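Trainee: Here's a structure for you.
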């Protein structure tokens, strides 16, 4: 590729429209009255914020804390460090946590699957601590991993003191961080197997049975809602991180500090309804899409190579705004053989009006090898004779 083209691409990649502008809320203020002191509505896959209210205000969030506890458990399962059928011992400390619980028996063992289900459905403090102790030896060690994972995810206004969300000095997060953290659960289909259960039961080792009822009423009473977490304490008031998916669009509504339990559900529902009624996820180009353009290949077994999209672009747009989206493709004037399938040939600029909002690589759609010896010599002769 020519150096001049590369400089052009690098310069465009730094345009504000390709990065920083995407982080601004799509709407200023809130489009309707929210009584809760802090809230945010986002789209899960892109992280785009539709609107927010005091979203960076540090607050206690009670059992919404367990989103991180659940995430770390799911990641440990995916990594093979623990298994769903593992036998987990329950300490006296775990069984005596109080608050929301499933009344685990101390000094008995439970199947990890049942403990995880109890945390997701019933927000069980005792089950959360039992899982933490099993995975890291002690809740304190698990909490250190919670904080380390928060740092990795860029949750700059979050600090955990325990894995349950029970009141503790220095334990806080924000609506924005809760939304970003909650979106991570979407990478774990196992989570939704439990989060969508409305009622179930836990059978204890001795045969005793505890009924489990999902603390998130929206799972039952709002179509499309399939998860995340509630929380409430005197300090945190009433909180929820709720998600719903409709027509391929997954939204996350976080409500913190509501004055009543039903208020958090009502306001989260209103936020989700607003998002679904006014926004859509639009993909103007997907990975592998043909760009119907060729790049000349010098000294190759073929004279040119086709260009295809090297990635997928998903944009959160107001309904009807897809007509303002266009694609602009910049390709190298030529490349030298050999060219491997997937080699970068240029870039695709996704524009909203006149603003570049995303850049993606344009890549080779196939491999072009160097020609055989005889054919290669003839092609070299032709290049020299034609002054190419």
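Trainee: Counting only C-alpha contacts under 8 Å and six or more residues apart, can you give the relative contact order of the chain as a whole percent?
Mentor: Dividing the mean separation by the residue count of the chain yields 16 percent.
Trainee: If you take the beta carbon distance between residue 319 and residue 153 as r and set R0 to 35 Å, what does 1/(1 + (r/R0)^6) give as a FRET efficiency, to the nearest 0.05?
Mentor: According to the calculation, E is roughly 0.70.
Trainee: Rounded to the nearest 10 degrees, what's the angle between the helix 373-385 long axis and the longest principal axis of the chain, both from Cα atoms, 0 to 90?
Mentor: 60
Trainee: I'd like to compare 330-337, 130-137: which one has the highest average count of other Cβ atoms within 10 Å, and what's the full order after that?
Mentor: Most protected by this proxy first, the peptides run 130-137, 330-337.
Trainee: What ranking do 34-41, 143-150, 205-212 get when scored by the average of other Cβ atoms within 10 Å per residue, highest first?
Mentor: Those peptides, ordered most packed to least, come out 34-41, 143-150, 205-212.
Trainee: Treat each spin label as a single point 7 Å out from the Cα along the C-beta direction, and report the residue 28 to residue 351 distance in nm.
Mentor: In this crude spin-label approximation the distance works out to 2.6 nm.
Trainee: Let me ask something else about it. Going by average Cβ neighbours within 10 Å, how do the peptides 52-64, 182-194 rank, with the highest at the top?
Mentor: In descending order of packing, they fall as 52-64, 182-194.
Trainee: Still on this structure, I have one more. Relative to the longest principal axis of the C-alpha atoms of the chain, give the angle of the C-alpha long axis of helix 3-13, reported between 0 and 90° and rounded to the nearest 10°.
Mentor: Compared with the principal axis, the helix lies near 30 degrees.
No value in this document is a laboratory result; all are computed from the given coordinates. In this text, all values refer to a predicted model and were calculated from it rather than measured experimentally. Please note: Cβ atoms are built from the backbone with ideal geometry, for glycine as well, and neighbour counts cover all protein chains shown.
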